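Presented below is the structure to which this report refers.
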Amino acid sequence: MNNSKISLILLWLALFTLGCNKEEYELQTTYDYSCLIINQGNFSEANGELSLLGSNGEIKNQVYQTSNQWALASIIESAIGYKNHWILFCSNEDKIEIIDQQELKLQKSITGVPIPRYGATTEDMLYVTSVEDWTDNSSGKVYKINLQNGEILNKMSLGNLPEGILYFEDNIWIAADDTIYVISEENDQIIKKIPTERKLLCAKHLIAGENGMIWCSLSSHKEDGELILIDGKKMTIVQRNKIPHLSYEGHIVLSPNKENIYYLTSNSTIGAQNADGETKICRWNISTQTSQIVIDGVGFYGFNIHPKTEDIYTANVNGFITNSLFYQYDKNGKIIRNGDLVGVGACRFLFRH
């Protein structure tokens, strides 16, 4: 065989191998998963990351870095789904990252929103709660962003520091300290300020209930929390429910059948201050207005409920110092997954629909 034929064969083999490697790489970065686990990270390390619970039950860690070939280098405050994308709200770097759900590759990075906290979407717009900084004189704003090009269209000032946000019946609802603000989607004007009448409690999160009603959590480091019911049309509070030891983060989730609200309680501040704090995930029945403990645990900081099975997903964040332990329970509190190792500060759990 002459040298030219040998060279052609070697070239063909090299191209074939390169093609196989490319296909293998693409397969490795296309994920089949049921749950996206948001690892918030440690503030001083800025080591927020993503983990996946695969459809086959396998855990994959550091998938953001794997998919994008660089570290996120930020804290992930929260995340939401939008069409076929995930939107990550990242502090430290003060950026909003939009990644596709299939490969988890970055599609768009939006800057100019200081300390983005939580977000809600309409068809093409993103509304984000933001605080200028964590000083006593800090001001809160809601940013309106065009999701098609990432342009910041407006920023609306609030008298209080905003947290949770909800898009509900053509209005944007924001929980902020002792007030719930309602902003018109049509003109970005504040059309209602609803006082919570609880100066020692902070309004935290909002969820849409049945028949035009909205639930909102109120919490504090020192006081028992509350779960209040708001008439979405009249924009008035119609019911109050005391929730002993409601965690300061105040996360609440409506059950798939809309009969119960899940929440987290703690005996102290959970996080770096107390990695061994006792925590419980509880279920509050809307009809009977009674509560029951579903899960006793340690170091839980966040959780979510599967929208079909009602399984409960949570993690012991180990004080945000080392890797978290991920747990999955059925709706009766029976353990399904017992302490899988994921990233630092695992506290948000998003499901693909």
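The values are calculated or read from the model by the stated rules, or taken from the named source; none is laboratory data. Nothing here was measured: the structure is a model prediction, and the numbers come from that model. Heads up, the Cβs are rebuilt from the backbone with ideal geometry, glycines too, and the neighbour counts pull from every protein chain shown. Heads up: the accessible areas ignore ligands, DNA and RNA and are worked out on the full protein's heavy atoms, side chains in. Shrake-Rupley method; radii C 1.70, N 1.55, O 1.52, S 1.80 Å.
Within segment 42-67, the set of residues being surrounded by fewer than 20 Cβ atoms within 10 Å (Cβ to Cβ), among the charged types (D, E, K, R) and outside any loop (DSSP other than H, G, I, E, B) comprises Lys60 only. Of Phe168, Phe89, all but one fail to be aromatic (Phe, Trp, Tyr) and free of Cβ contacts under 8 Å to residues at least 40 places away in the same chain; the exception is Phe89.
If the requirement is being in contact with a Gly (Cβ under 8 Å, 6 or more places away or on another chain), closer than 30 Å to Ser55 by Cβ and open to solvent by less than 50 Å² (accessible area, probe 1.4 Å), which of these qualifies: Val298, Val294, Val342?
Details: Val298 fails: open to solvent by less than 50 Å² (accessible area, probe 1.4 Å); Val342 fails: in contact with a Gly (Cβ under 8 Å, 6 or more places away or on another chain).
From the options Val298, Val294, Val342, the qualifying one is Val294.
Looking across segment 277-293, just one residue is aliphatic (A, V, I, L, M) and either assigned to a loop (DSSP other than H, G, I, E, B) or more than 24 Å from the chain's Cα centre (by Cα) (or both), and that is Ile286.
Within segment 210-244, the set of residues being over 22 Å from the mean Cα position of the chain (by Cα), assigned to a loop (DSSP other than H, G, I, E, B) and not aliphatic (A, V, I, L, M) comprises Glu210, Asn211, Gly212, Lys222, Glu223, Asp224, Gly232, Lys233, Lys234, Pro244. Quick check on Thr265: is it part of a strand (DSSP E or B), polar (S, T, N, Q) and touching a residue at least 24 places away in the same chain (Cβ under 8 Å)? Taking the combined requirement at face value, the residue does not satisfy it.
From Gly164, Gly119, which residue is in contact with a His (Cβ under 8 Å, 6 or more places away or on another chain) and either under 26 Å from Gln107 (Cβ atoms) or of a type in the set (A, V, I, L, M, F, W, C) (or both)? If you could, list the steps in order and put the result at the bottom.
Working: Gly119 fails: in contact with a His (Cβ under 8 Å, 6 or more places away or on another chain).
Checking each option against the conditions leaves just Gly164.
The set of residues in segment 301-320 that are under 12 Å from Asn39 (Cα atoms) and either open to solvent by 60 Å² or more (accessible area, probe 1.4 Å) or touching an Asp or Glu at 6+ places or on another chain (Cβ under 8 Å) (or both) comprises Tyr301, Gly302.
For (1) in contact with a Ser or Thr (Cβ under 7 Å, 6 or more places away or on another chain); (2) hydroxyl-bearing (Ser, Thr, Tyr); (3) under 23 Å from Pro116 (Cβ atoms), each residue gets a yes or a no:
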{"position": "Ile165", "(1), (2), (3)": "yes, no, yes"}
{"position": "Asn171", "(1), (2), (3)": "yes, no, yes"}
{"position": "Lys193", "(1), (2), (3)": "yes, no, yes"}
{"position": "Leu206", "(1), (2), (3)": "no, no, yes"}
{"position": "Gly209", "(1), (2), (3)": "no, no, no"}
{"position": "Ile214", "(1), (2), (3)": "no, no, yes"}
{"position": "Lys222", "(1), (2), (3)": "no, no, no"}
{"position": "Glu226", "(1), (2), (3)": "no, no, no"}
{"position": "Leu229", "(1), (2), (3)": "no, no, no"}
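In segment 231-246, what residues are in contact with a Ser or Thr (Cβ under 8 Å, 6 or more places away or on another chain), on the phi < 0 side of the Ramachandran plot and free of Cβ contacts under 8 Å to residues at least 40 places away in the same chain? Matches in segment 231-246: Pro244, Leu246.
Are any of the residues in segment 190-205 β-branched (Val, Ile, Thr), touching a Leu at 6+ places or on another chain (Cβ under 9 Å), farther than 21 Å from Asp124 by Cβ and surrounded by fewer than 18 Cβ atoms within 10 Å (Cβ to Cβ)? Scanning segment 190-205, I find at least one residue that is β-branched (Val, Ile, Thr), touching a Leu at 6+ places or on another chain (Cβ under 9 Å), farther than 21 Å from Asp124 by Cβ and surrounded by fewer than 18 Cβ atoms within 10 Å (Cβ to Cβ), so the answer is yes. Within segment 209-221, the residues that satisfy the criterion of being open to solvent by 20 Å² or more (accessible area, probe 1.4 Å) and more than 23 Å from Gly140 (Cα to Cα) are Glu210, Asn211, Met213.
The set of residues in segment 166-176 being in a strand (DSSP E or B) and within 22 Å of Asp124 (Cβ to Cβ) consists of Leu166, Tyr167, Phe168, Asn171, Ile172, Trp173, Ile174. Criterion applied to Leu53, Leu88 was being closer than 30 Å to Arg337 by Cα, in contact with a helix residue (DSSP H, G or I) (Cβ under 9 Å, 6 or more places away or on another chain) and modelled with pLDDT of 90 or more, and the one residue passing it is Leu88. Does any residue in segment 287-309 that is of a type in the set (Lys, Arg) come within less than 7 Å, Cβ to Cβ, of a residue that is open to solvent by less than 70 Å² (accessible area, probe 1.4 Å) six or more places away or on a different chain, and which pairs are these? What qualifies is Lys308/Pro256.
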